[in-house]
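The values are calculated or read from the model by the stated rules, or taken from the named source; none is laboratory data. Keep in mind it's a predicted model, so treat the numbers as computed, not measured. Cβ sites come from the backbone with ideal geometry, for glycine too, and all protein chains shown count toward neighbours. Accessible surface areas use protein heavy atoms only, side chains included; no ligands, DNA or RNA. Shrake-Rupley method; radii C 1.70, N 1.55, O 1.52, S 1.80 Å.
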Amino acid sequence: MTELAIPDISSIPAIHNPPIGSNPDTPIKPLFIRDIIYIVARYYRSTPQELTGRSRQWIVLKPRYRAIYLAHKLTGRSSTFIGRHTGRRDHTTILATINKMRKNLEKDPKLVLEYQYLHDKIVAEYGL
């Protein structure tokens, strides 16, 4: 008589095993860069068009920097891809923005709080 093979559940992909404490009935939404731009724009009382536009005024640059940094951290996409979806910006512009945000986060506690709020809001909404 042959023995039945018992599958090793550790080999099942994590997508089939939702994290402990999560609601398995809640669908996980895919996260797009446009979603990040929309959430950041709404937080700063701006519009997605302003964030992806050509303006270099600080009132627009501030949320744009946050959106680019969040897109980098949460999507794992390349700087070229992020640049293409944030107003056709060059990848070096995106890299400079990421580096500037990283340095500013090290020295500005208010910025850390803003970033953490936006990050947590996106993570909660998209089930990341």
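Here Leu70 meets the list (1) within 15 Å of Leu31 (Cα to Cα); (2) open to solvent by 70 Å² or more (accessible area, probe 1.4 Å) almost entirely, failing just condition (2).
The set of residues in region 32-58 that are touching a residue at least 12 places away in the same chain (Cβ under 8 Å) and β-branched (Val, Ile, Thr) comprises Ile33, Ile36, Ile37, Ile39, Val40, Thr52. When region 88-128 is filtered for residues that are loosely packed, with under 15 Cβ neighbours inside 10 Å, within 21 Å of Thr52 (Cα to Cα) and of a type in the set (Asp, Glu), only Asp90 remains. Of all residues in region 112-128, those satisfying the criterion of being in contact (Cβ under 8 Å) with a residue 40 or more places away in the chain and of a type outside the set (Ser, Thr, Tyr) are Glu114, Leu118, His119, Lys121, Ile122, Val123, Glu125, Gly127, Leu128. Could you tell me whether any residue of region 83-92 is closer than 16 Å to Ala41 by Cβ, small (Gly, Ala, Ser) and touching a Ser or Thr at 6+ places or on another chain (Cβ under 9 Å)? Yes.
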